Structure formats: structure tokens, C-alpha cells
1. Are any residues in segment 49-81 loosely packed, with under 12 Cβ neighbours inside 10 Å and either closer than 23 Å to residue 95 by Cβ or touching a residue at least 40 places away in the same chain (Cβ under 8 Å) (or both), and if so, which ones?
2. State all residues of segment 38-48 that are surrounded by fewer than 17 Cβ atoms within 10 Å (Cβ to Cβ) and either more than 26 Å from residue 12 (Cβ to Cβ) or free of Cβ contacts under 8 Å to residues at least 24 places away in the same chain (or both); if no residue qualifies, say none.
3. Residue 35 passes all but one of (1) surrounded by fewer than 15 Cβ atoms within 10 Å (Cβ to Cβ); (2) part of a helix (DSSP H, G or I); (3) in contact with a helix residue (DSSP H, G or I) (Cβ under 9 Å, 6 or more places away or on another chain); which number fails?
4. What are the residues in segment 56-83 that are farther than 17 Å from residue 35 by Cβ and outside any loop (DSSP other than H, G, I, E, B), if any?
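Read-outs: derived from the displayed coordinates by stated rules, not from any lab. All values derive from a computational prediction rather than experimental measurement. Heads up, the Cβs are rebuilt from the backbone with ideal geometry, glycines too, and the neighbour counts pull from every protein chain shown.
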């Protein structure tokens, strides 16, 4: 991709390359980016714990190939599976209400 001096922020670059938020192309990009980020967090935590994919898969009742797909961003685990994965990695998930937000 050729750099342009007319683009001054990343949002504009994404709009010009993949379409504005709400378009199918942009939604696919953002979904794939989120899956990749989740996978990288799991991969980093697993390596920090010196755990193999086989060990993690066995501890959560999954397969090595599924762990690999998650870590490489090909699939995004469901919320319940995500919670099962992070527990043996010594991680926790916390929901917090931002200051000043009323529900």
C-alpha cells in the first residue's frame, strides 16, 4: 500500500481502505482483529506459564488443534470457553462499571 500524506489518522486510513464503521468489510476486519488479539493474549499467557498447547487442551477438555486455531486468530472462543482457558493460565476476567456510568 502506498503511503499518503493526506491521511492524518488511523481511523481515516481504515475508512479509506476497508470502508466506514458498519460496512461489511469493516466489520470483518474488526472481528478478525479482535480474534487475533484474544489469541495472542492466550498464547502469551500460555508461554509465560510454560504450558504446552497439549497441556492446556487437556486441562480444558479441548483439542490441540482448537487451541492452535484460537492462538492464531482463526476462531474466537465463546465467553464460557474463554473463561475456562484463562483459569489454568493464572488469569482472571473482571467486569467493572466505568466511573460516572449509570446502568
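1. 78, 79, 80 - these are the residues of segment 49-81 that are loosely packed, with under 12 Cβ neighbours inside 10 Å and either closer than 23 Å to residue 95 by Cβ or touching a residue at least 40 places away in the same chain (Cβ under 8 Å) (or both).
2. 41, 44, 47, 48
3. Evaluating residue 35 over (1) surrounded by fewer than 15 Cβ atoms within 10 Å (Cβ to Cβ); (2) part of a helix (DSSP H, G or I); (3) in contact with a helix residue (DSSP H, G or I) (Cβ under 9 Å, 6 or more places away or on another chain) leaves (1) as the failure.
4. The answer is 56, 57, 58, 59, 60, 64.
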